[in-house]
1. Can you tell me which residues in region 128-138 are surrounded by 19 or more Cβ atoms within 10 Å (Cβ to Cβ) and of a type outside the set (Phe, Trp, Tyr)?
2. Just one of Tyr372, Tyr359 is of a type outside the set (A, V, I, L, M, F, W, C), touching a Leu at 6+ places or on another chain (Cβ under 7 Å), surrounded by fewer than 22 Cβ atoms within 10 Å (Cβ to Cβ) and modelled with pLDDT of 95 or more; which is it?
3. Those residues that are among the basic types (Lys, Arg) and over 21 Å from Asn247 (Cβ atoms), I need them from region 287-339; list them, please.
4. Could you check region 350-468 for strands (runs of 3 or more DSSP E) lying wholly inside it with 3 or more residues that are in contact with a helix residue (DSSP H, G or I) (Cβ under 6 Å, 6 or more places away or on another chain) and of a type in the set (S, T, N, Q)?
5. Going through Gly204, Gly190, Gly197 one at a time, which residue ends up being modelled with pLDDT of 95 or more and buried (at least 18 other Cβ atoms within 10 Å of the Cβ)?
6. Do we have Tyr384 as more than 20 Å from the chain's Cα centre (by Cα) and either crowded, with 20+ Cβ neighbours inside 10 Å or among the charged types (D, E, K, R) (or both) here?
7. Counting just the residues of region 433-463 that are modelled with pLDDT of 95 or more and of a type in the set (A, V, I, L, M), which one comes out surrounded by the most Cβ atoms within 10 Å (Cβ to Cβ)?
8. Pick out, from region 61-124, the helices (runs of 4 or more DSSP H) lying fully within it that include 3 or more residues that are of a type in the set (A, V, I, L, M) and either touching a residue at least 24 places away in the same chain (Cβ under 8 Å) or closer than 24 Å to Asn243 by Cβ (or both).
Amino acid sequence: MFALDSLAQDKVSIMTRYHSSLQMRVGSMVETERSGACGLCLSAYKFCNTGDDSVNGDVAADGYHKYKEDIKLMKETGLDSYRFSISWSRLIPKGRGEVNPKGVGYYNNLINELLDHGIQPHATIFQYDLPQILEDEYGGWLNPQIIDDFTAYADVCFREFGDRVTNWTTLNEPNALVSVGYDAGIGPPGRCSKPFGFADCSCGDSVNEPYVVAHNCLLAHSSAVSLYRRKYQTKQHGLIGMNICINNILPYTNSTEDIAAAKRAQAFYTGWFLDPLYYGDYPLVMKENTGSKLPKFSRSQSKQLINSMDFLGINYYTFLYVKDDPHHAPSNKRNFRADMAAKSIFSSNSTSGFYVPGYGIHQVLEYLKQFYGNPPIYIHENGYPMHQDVVFDDGPRVEFLSEHLKNLLIAVRNGSNTRGYFAWSLMDLYELLSVGDTYGLYYVDFADEDLKRYPRSSAIWYKDFLKERRTERFSDH
């Protein structure tokens, strides 16, 4: 057990994120509200269906209908905050224009129920689920038109919910979106080109599209933040930021070449988004290695990007070891991984396939403190995957959470400006890229018609951990 005993109560909040993801929501929300389809180069259903009729995203854990029950579970567990994603298609089925009152009503009910139970809502505006009509009409994130449409959608979110939601994330993991959605092709919208993609690559261009999409994501973020600050922040008193997926990147060996490769990987995986957000431009090594493929920011765009973050959200799971890969000769037929000239090797072991020492989270927070001015940080996701049929005894997950929370405390004591921690995830859900594995503290019986939830050993441990924290805070005062 690890208590954050040196921290003031308002310094770090320990939270758990439960989130009815895109893949969980598609069926139930469309059937209930007749919302627009989510945007994918391939059909939405193909991305939410493994081909096995017993495993798909039509209903999954059904957070849409069971939100009251789940909020009671959050309260019983001792959570003080809840992070969820708002569906663009649910609010504005045609992508722009008319707002769906049933969608607004659902989120109002969810937010009010959370607040009634003393749980603060943290809302993410976009998480992969682009309305299909915008994908079909102009290519979605590939077209600068998305900036205006995203800003208008964000405006609806701020207007309808900002009187109660005071923590906003514009985009969830845009660096993962460009990687899996536009290079590898294994996530929405499934775009890629051979030989880089891992899907059928029936549409897409892995050489150029990731750079275009990342650029438009950054400009859409800064546009929405500018709107929020100009129109809402003064009266709503909220905070707004962006979330990225971040790994603890280390050289594979101590060779000069691998150390340099790790620095390049850090620039391509992390600096691709964080450098524009904090310094107004892409990392120098990216500009040198990509040439004309990398879009440029105007002076006004750079100015708007800088300091567009009240906080940084990070999703942290694992180590990434990097070795030099000099065989990628200069060419205009390289994807971003080839431009990086480095080979990535994820941390794992033969037993679980997911071995991650807890000190990695400390090292990541130290890196962000050193290179990005120690920004306010929320750890939005951190968790351990195990096969879904592990009903109760998920000891490795308990060990993972315990070690990471201990190292989070060390980082904060060393000056990291970390404000909160969300464990991923409260309960089992439909994982888009790892069907069969789940991260839930609570087991969901998907064979049961009522989708009953049962606490795993990690849920019991986490509840005790939070209770101990509250007791210590009370004693300190």
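1. Filtering region 128-138 for residues surrounded by 19 or more Cβ atoms within 10 Å (Cβ to Cβ) gives 128-132, 134-135.
Those that are surrounded by 19 or more Cβ atoms within 10 Å (Cβ to Cβ) and of a type outside the set (Phe, Trp, Tyr): Asp129, Leu130, Pro131, Gln132, Leu134, Glu135.
2. On the way: Tyr359 fails: touching a Leu at 6+ places or on another chain (Cβ under 7 Å).
Among Tyr372, Tyr359, only Tyr372 is of a type outside the set (A, V, I, L, M, F, W, C), touching a Leu at 6+ places or on another chain (Cβ under 7 Å), surrounded by fewer than 22 Cβ atoms within 10 Å (Cβ to Cβ) and modelled with pLDDT of 95 or more.
3. Within region 287-339, the first condition is being among the basic types (Lys, Arg), and the residues that meet it are 287, 293, 296, 299, 303, 323, 333-334, 337.
Answer for region 287-339, where residues must be among the basic types (Lys, Arg) and over 21 Å from Asn247 (Cβ atoms): Lys287, Lys293, Lys296, Arg299, Lys303, Lys333, Arg334.
4. Numbers: elements: 377-381, 418-424, 442-444, 453-455.
By residue number, no strands (runs of 3 or more DSSP E) qualify.
5. When all the criteria are applied, what remains is Gly204.
6. Details: more than 20 Å from the chain's Cα centre (by Cα): no; either crowded, with 20+ Cβ neighbours inside 10 Å or among the charged types (D, E, K, R) (or both): yes.
Against the criterion (more than 20 Å from the chain's Cα centre (by Cα) and either crowded, with 20+ Cβ neighbours inside 10 Å or among the charged types (D, E, K, R) (or both)), Tyr384 does not qualify.
7. Top of the filtered list is Leu441.
8. Values: elements: 67-77, 88-91, 101-116.
The helices (runs of 4 or more DSSP H) meeting that bar are 67-77, 101-116.
The values are calculated or read from the model by the stated rules, or taken from the named source; none is laboratory data. These numbers were taken from a predicted model, which means no experiment stands behind them. Positions of Cβ are generated from backbone atoms using ideal geometry, with glycine treated the same way; all protein chains shown enter the neighbour counts.
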